[in-house]
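The block underneath contains the structure these notes are about, expressed in structure tokens.
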Amino acid sequence: MSDDEVMALLIHGAIAVVTWWAWLHGVLGPKHLGRRVPGRLVLAQAPLLALGVVVLLLGVFAASDVVGTIYMGFYTVVGAAWIGAFCWLIGLLGVHPRDDAVERRNPAAVVFLLCAIVGLAAAFAGSNFGDGPGWWVVAFCAAISMGTVLGLWMLVSAFTGDVETITIGRDTPTGLRCGLLLIALGIVMGRAAAGDWVDVPSTLVDFAAIGWVAPLLALGEVVVGLAMRPRPNLPSMPMPIFFRGLLPGVVYVAMAVLYVVLVGWW
């Protein structure tokens, strides 16, 4: 490993330690111990689950000079730092892990946050696929892929009010549907960020050419979210967790997976 890679490893390692500790302290801190919060322990383990997804995908799709070498450990640490940083900033999505999931014991927030972390991990994992000159390429691709997922979610939330439905309305179907949407966006953006590195302009062109489906998925949630938003004057739907949550969410993920399969190898 070169000197800059050693420095990057140390910096990312420090970021991972600090952000993971902050996440665990916020979810499992002393004032929360003994409280019966649905999904609290699962939420605490969410970063580890996300990192496991990244490591699994790295082992299958990473460049040949990464798999089975010391660089697997290097990029695992880098992934831990990026996942930890996202968990630390996850409140930007409008759903706060400590305030909404733990303090208010909101199951809709728990489900949404679990899926969101996995979705952002998928977006990060794709930025590791392909040959490139160094770790900074991974950082650049991760920034645009994860940033696009966050940006699209903010637009969806602005039009639909899904955040308020999750945090104030405590609507679990909406939390599940929106969480699965983030997984679908992460899959598409991860594939858009994958590929051999040429230069910045080529990367941005390829990213846009492949990632155009993600805004369509986000638009689909705008339509579905507005149509299925709970209202006092509307009759309740039977099995809401399935019809308003799981079914449309699975459709989002299935469309993303099918699209990635059809696009094929980078």
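The values are calculated or read from the model by the stated rules, or taken from the named source; none is laboratory data. Given the structure is predicted, the values throughout are model-derived calculations rather than measurements. Quick reminder, even Gly has a Cβ in these numbers, built from the backbone with ideal geometry, and neighbours come from all protein chains shown. All accessible areas refer to the heavy atoms of the entire protein, side chains included, with ligands and DNA or RNA removed. Shrake-Rupley method; radii C 1.70, N 1.55, O 1.52, S 1.80 Å.
Overview of values
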| quantity | calculated |
| --- | --- |
| Qualifying residue in the stretch 174-182 (condition: among the small types (Gly, Ala, Ser) and touching a Pro at 6+ places or on another chain (Cβ under 8 Å)) | yes |
| Near pairs, Cβ below 6 angstrom, 6+ apart or cross-chain, from the stretch 93-108 (within 16 Å of Thr174 (Cβ to Cβ)) to any residue that is open to solvent by 30 Å² or more (accessible area, probe 1.4 Å) and of a type outside the set (Ser, Thr, Tyr) | Asn106/Arg170; Pro107/Pro38; Ala108/Arg170 |
| Checking Asp3 against (1) more than 17 Å from Arg104 (Cα to Cα); (2) at pLDDT 85 or above, the condition it does not meet | (2) |
| Candidates Ala254, Ala227 - the one that is small (Gly, Ala, Ser), in a helix (DSSP H, G or I), farther than 30 Å from Ala139 by Cα and without any contact (Cβ under 8 Å) to a residue 12 or more places away in the chain | Ala227 |
| Any hit, the stretch 179-194, residues being in contact (Cβ under 8 Å) with a residue 24 or more places away in the chain and either open to solvent by 80 Å² or more (accessible area, probe 1.4 Å) or farther than 19 Å from Ala121 by Cα (or both) | no |
| Tally of residues being free of Cβ contacts under 8 Å to residues at least 40 places away in the same chain and farther than 19 Å from Val200 by Cα across the stretch 123-153 | 1 |
| Any hit, the stretch 196-210, residues being polar (S, T, N, Q) and surrounded by 12 or more Cβ atoms within 10 Å (Cβ to Cβ) | yes |
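Okay, residues lined up against (1) part of a helix (DSSP H, G or I); (2) closer than 14 Å to Trp266 by Cα; (3) modelled with pLDDT under 95:
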site	(1), (2), (3)
Gly169	no, no, yes
Leu185	yes, no, no
Gly195	no, yes, yes
Val198	no, yes, yes
